[in-house]
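The values are calculated or read from the model by the stated rules, or taken from the named source; none is laboratory data. What you see is a predicted model; the values in this text were computed from it and never measured. Cβ placement follows ideal geometry from the backbone for every residue including glycine, while neighbour counts extend to all protein chains displayed. The area values use the complete protein model at the heavy-atom level, side chains included, leaving out ligands, DNA and RNA. Shrake-Rupley method; radii C 1.70, N 1.55, O 1.52, S 1.80 Å.
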Amino acid sequence: MEAVHSQAGEAVVSVTVDSPERMQDLGRRIAALLRPGDLVLLTGELGAGKTTLTRGLGEGLGVRGAVTSPTFVIARVHPSLSGGPALVHVDAYRLGGGLDEMEDLDLDVSLPESVVVVEWGDGRVEDLSEDRLHVVIARAVGHEEVLDDVREVSVRGVGARWDAEQLKALTGTA
């Protein structure tokens with residue numbers, strides 16, 4: 001099931017993903033919409049697929065290095081191999097504070113020329129940019145054996161940068 005709609009000036013697309021490969025493919029499709037200065041916040045329980053989606057973002061952006069969870073290093077920078085923006089991948093899971101605690105990462109300095117992706121970023125880094133994507137990944141509810149890899153992904157564009165027509169490309173019906 002895929003749907004695109006607008007609510008309160010925000011564009012929202014919902015996509016059902018049924019495997020890690022399709023989650024990575026969704027990441028590549030999101031990457032095609034991104035440009036330097038974009039901020040992407042990822043939300044979802046442990047094991048939901050946040051890093052898998054980010055791996056697809058990295059592939060789509062053509063960055064160097066294997067995209068893995070930055071949980072223990074907090075942030076990884078993946079430079080572009082093609083002259084595009086670098087991918088700054090941050091895991092805020094172990095950071096208790098908001099933007100103040102994250103200032104040491106200099107995300108505000110990296111943002112203008114990079115794509116910054118923050119796992120567990122909700123409530124922590126929104127002040128970095130008025131324009132951002134919020135990606136929420138939830139496990140599908142149902143018979144566990146059948147739906148183990150199925151995820152419901154909501155991509156919400158916040159700010160003037162994003163509109164429903166742009167996000168429609170994520171559904172494969174653009």
With all protein chains in place and a 1.4 Å probe, THR54 shows an accessible area in Å² (nearest 10) of 0 Å²
Sorting GLU152, GLU165, GLU130 on solvent-accessible surface, 1.4 Å probe, most exposed first, gives GLU130, GLU165, GLU152
On the formula 1/(1 + (r/R0)^6), with r taken between the Cβ atoms of GLU59 and ALA164 and R0 of 25 Å, the FRET efficiency rounded to 0.05 is 0.45
Quick calc: nm separation of the 7 Å Cα→Cβ label points for ASP149 and GLU10 -> 3.0 nm
Residue-normalised value, i.e. accessible area per residue, for the range 11-60 at 1.4 Å probe, in Å², stands at 36 Å²
